[in-house]
Amino acid sequence: MKPIFLLSLLAASTSLAAPEAFEVGPEQKDRLPRGREADGIIGDFILRNDKVEAVISGNLPLRRANMSTFYGEGGTTPGCLYDLTLLGANNDQLTIFQPSQQQGAVSWVRVVKDGADGEAAVECVATAPNRDGMAKRHVYSLKAGWQGLMVTTTITNEGKVPRKVLVSDKWTNFLRTGVAPVGSGIMWAESVDPADRAGYAVGYSKAPEDFATVRLREMKPGDSVEIVRFVAVGNSPLDAVGVIVKSQPTGQAVGGSVKDTTGAAVTDATVTVWKTLKTPQTVEDPAPAAPVPLTSEAVSAMRTSRAMGIGYTDAKGRFEFVLPEGSYRFLFAAPGRGEIQSVVEVSGGNAGAAIEPVLAAAAGVAFDIRDEAGQPIPCKAQFLAQPGTEPVNLGPQQRAHGCRDQWHSERGDFRVAIPPGGYRVVVTRGIEYSHLAKDVTLKAGESFEFKGVLKRLVDTRGWVSADYHNHSTLSGDNICGTDDRVINLAAEQIEFAPTTEHNRIYDWRPHIERLGLAKFLQTVPGIELTGSAAHLNSFPFKPVPFTQDNGAPVWHKDPRIAAMTLRDWQGAEPDRWIQINHPDMTANFIDSDADGKADGGFHGLATLIDGIETQNYNTSELLRGAPFRIS
């Protein structure tokens, strides 16, 4: 693999404050970075300089991020990069970066340079005697001025027989990932919700030639391999890519500002950049003197290129990215404003030339939704495209404010920008309320006022609308933001939802209160204790912040042991609730060892639980007398 960034990236200005590396103790816990995916606890390690802050997971019992990282053999992940965010931004979007897929037991994680000599470093070492003869060492280093970490991995076969080892890196969880077509490629990733305005990039300065294609490498006794990569973080994927490109001789800053036809700055524009690949299959058209409307031919041409990454405008509608010399297509888009594209030649001669695209004025619908007492209430709006109008896509499906053709709001007064066209707009608040529906035709720049009252149709005095099984991004198998999940529940008129994240005790109450939803939705701290068999919800508990899993117990495959553990965890609680989610009725109550012979399941389980999901389960052909398998 050829290097794609230069060692000039390592040069640090002596005028900048020295970096630091330290272990997190009880007195340092408040220095841990925060954010959507922040996962640092006491016993981890912090690396920090004038631009970024990062968390390396400590060699702690059961150390793992969330459920996306610990299923399977050796599921713990000490010595990995758990958090990385710009300094003071508290905007971590990285669940985990595993160099060479680091996983399982290690010998130690420790600070090897505290920053006093200008470099801060933390190392993770797995010695050969306890790893089948394979020694691994990962060093995370940071200097002043760096907008990311240098991560160096050395793997050596110190054993007597050949071994196959994982060498490729792994990171999660993101909305989109890509490879910028620069040299041998820079990997980039976009945060799950683009509104969080964060991105990451990884560039390699040293790696085997076939590193990108060989996942398992066979190493003979005495063989050693070294991999050096830089993990950058920025306000967008393009910003992070630019951190690496900046060190190249041909790297040039390209920027400008996006406005609409009224002259107002467009602060929510997305900028996608493609590098035009000059191949026989690609027809090169002349670069226009100014931005031109996006046409089907332009879209077709852009599909022959590979995206450099995605960027965003700032609070003043401005953008700036660092790109290598070459020909690029820029696509500018913003909600309710359509799209426009520009072709840009980047070279030393035009460095600093401004790009000034003009988008249409925003079209949209302004809502004022109230209850019968005249108070604004949470609700959901859906935008159904009418014939002749393209279906609307307001954003990724895992967020509240703009999920495909819906918008979930914690308030009754809100505005949604949508493209011009004809829509059937429907507003609801769960099954106990009426709905509102109006046909809306929008022209460019127009705003339609949608006012209405949602009336209660069902008298539920003395009853509470509840949902006992929900997840957000903290659970690992779900990437819905925690605030988004809370808004979703309130908009669907759920009044009580215990917090049931996978394998960690958590409390949604601070989120509910911050969103102003306390009079609509309540919760209690709880957990879904999860593994490869029965999943058990249980509450209430008390989270223990800055500890592994917030103080949760460990799952057991026998659901009776898991249930008894939960029953007595943190002391007996007379009001504690335990239920089995999406149960395998056969395994739990008919055939516990899956040998095809009924044995009564886990005897006594029914006496240890309080409830069971009845609309979300699976069973088997055994109930009809046929062979079966557990799914």
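The values are calculated or read from the model by the stated rules, or taken from the named source; none is laboratory data. None of the values given here were measured: they were computed from a predicted structure. Backbone-built Cβ (ideal geometry, glycine too); neighbour counts: all protein chains shown. Side chains included, ligands, DNA and RNA excluded: accessible areas come from the protein's heavy atoms. Shrake-Rupley method; radii C 1.70, N 1.55, O 1.52, S 1.80 Å.
Here is how the numbers come out for the structure above:
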quantity: Test result for I527, in contact with a Phe, Trp or Tyr (Cβ under 8 Å, 6 or more places away or on another chain) and either under 22 Å from P559 (Cβ atoms) or open to solvent by less than 40 Å² (accessible area, probe 1.4 Å) (or both); calculated: yes
quantity: Condition broken by L474, with the remaining ones in (1) in contact with a strand residue (DSSP E or B) (Cβ under 8 Å, 6 or more places away or on another chain); (2) outside any helix (DSSP H, G or I); (3) open to solvent by 10 Å² or more (accessible area, probe 1.4 Å) satisfied; calculated: (2)
quantity: Close pairs (7 angstrom Cβ cut-off, 6 or more residues apart or separate chains): free of Cβ contacts under 8 Å to residues at least 60 places away in the same chain and open to solvent by 30 Å² or more (accessible area, probe 1.4 Å) in region 380-396, hydrophobic (A, V, I, L, M, F, W, C) and assigned to a loop (DSSP other than H, G, I, E, B) anywhere; calculated: A385/V392
quantity: Of the criteria (1) more than 20 Å from V225 (Cα to Cα); (2) at pLDDT 95 or above; (3) under 20 Å from the mean Cα position of the chain (by Cα); (4) of a type outside the set (A, V, I, L, M, F, W, C), which one D50 fails; calculated: (3)
quantity: Qualifying residue in region 457-469 (condition: outside any strand (DSSP E or B) and touching a helix residue (DSSP H, G or I) at 6+ places or on another chain (Cβ under 8 Å)); calculated: yes
quantity: Some residue of region 72-83 being β-branched (V, I, T), in contact with a Lys or Arg (Cβ under 9 Å, 6 or more places away or on another chain), open to solvent by 10 Å² or more (accessible area, probe 1.4 Å) and at pLDDT below 95; calculated: yes
quantity: Odd one out for L489 among (1) open to solvent by less than 30 Å² (accessible area, probe 1.4 Å); (2) closer than 22 Å to T614 by Cβ; (3) part of a loop (DSSP other than H, G, I, E, B); calculated: (3)
quantity: Pick from region 428-449, criterion part of a loop (DSSP other than H, G, I, E, B) and among the hydrophobic types (A, V, I, L, M, F, W, C), ranking: farthest from R415 (Cα to Cα); calculated: I431
quantity: Qualifying residue in region 509-528 (condition: of a type outside the set (G, A, S), closer than 16 Å to N581 by Cβ and in a loop (DSSP other than H, G, I, E, B)); calculated: no
quantity: Subset of region 25-34 [open to solvent by 30 Å² or more (accessible area, probe 1.4 Å) and either closer than 19 Å to W171 by Cα or assigned to a strand (DSSP E or B) (or both)]; calculated: R34
quantity: Flag if A533 is part of a loop (DSSP other than H, G, I, E, B), free of Cβ contacts under 8 Å to residues at least 24 places away in the same chain and more than 21 Å from I96 (Cβ to Cβ); calculated: no
quantity: Sole residue being out of contact with any Cys (no Cβ under 9 Å at 6 or more places or on another chain), modelled with pLDDT of 95 or more and open to solvent by less than 10 Å² (accessible area, probe 1.4 Å), chosen from E513, E501, E449, E495; calculated: E501
quantity: Count of region 79-92 residues which are under 20 Å from the mean Cα position of the chain (by Cα) and either in a strand (DSSP E or B) or farther than 19 Å from N49 by Cβ (or both); calculated: 7
quantity: Selection from region 541-593 of residues that are of a type outside the set (F, W, Y), outside any loop (DSSP other than H, G, I, E, B), open to solvent by 30 Å² or more (accessible area, probe 1.4 Å) and more than 17 Å from I527 (Cβ to Cβ); calculated: R560, M585
quantity: Which listed residue, of P391, P387, is within 28 Å of the chain's Cα centre (by Cα) and in a loop (DSSP other than H, G, I, E, B); calculated: P391
quantity: Filtered residue count, region 355-378, keeping only those that are over 31 Å from the mean Cα position of the chain (by Cα) and within 19 Å of M308 (Cα to Cα); calculated: 0
quantity: Residue in region 609-631 that is modelled with the lowest pLDDT, counting only those that are more than 36 Å from the chain's Cα centre (by Cα) and surrounded by 13 or more Cβ atoms within 10 Å (Cβ to Cβ); calculated: F628
quantity: In region 248-258, the residues that are surrounded by fewer than 17 Cβ atoms within 10 Å (Cβ to Cβ) and in a strand (DSSP E or B); calculated: A253, G255
quantity: Residue ID - most open to solvent (accessible area, probe 1.4 Å), chosen from residues in region 313-352 that are over 20 Å from G242 (Cα atoms) and charged (D, E, K, R); calculated: K316
quantity: Residue check, R424 among the basic types (K, R), in a helix (DSSP H, G or I) and farther than 18 Å from E372 by Cα; calculated: no
quantity: Criterion violated by S538 - all others in (1) in contact (Cβ under 8 Å) with a residue 40 or more places away in the chain; (2) open to solvent by 40 Å² or more (accessible area, probe 1.4 Å) satisfied; calculated: (2)
quantity: Flag if A533 is in contact with a strand residue (DSSP E or B) (Cβ under 9 Å, 6 or more places away or on another chain), among the aliphatic types (A, V, I, L, M) and at pLDDT below 95; calculated: yes
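Every residue, every condition in (1) basic (K, R); (2) out of contact with any helix residue (DSSP H, G or I) (no Cβ under 9 Å at 6 or more places or on another chain); (3) within 19 Å of G133 (Cα to Cα), yes or no:
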| position | (1), (2), (3) |
| --- | --- |
| Y204 | no, yes, no |
| P208 | no, yes, no |
| A212 | no, yes, no |
| R217 | yes, yes, yes |
| S224 | no, yes, yes |
| R229 | yes, no, no |
| N235 | no, yes, no |
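Condition check ((1) of a type outside the set (K, R); (2) farther than 30 Å from T428 by Cβ; (3) modelled with pLDDT of 90 or more) across all residues:
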position	(1), (2), (3)
V283	yes, yes, no
A287	yes, yes, no
P291	yes, yes, no
V299	yes, yes, no
A315	yes, yes, yes
V322	yes, yes, yes
A334	yes, no, yes
I340	yes, yes, yes
C379	yes, no, yes
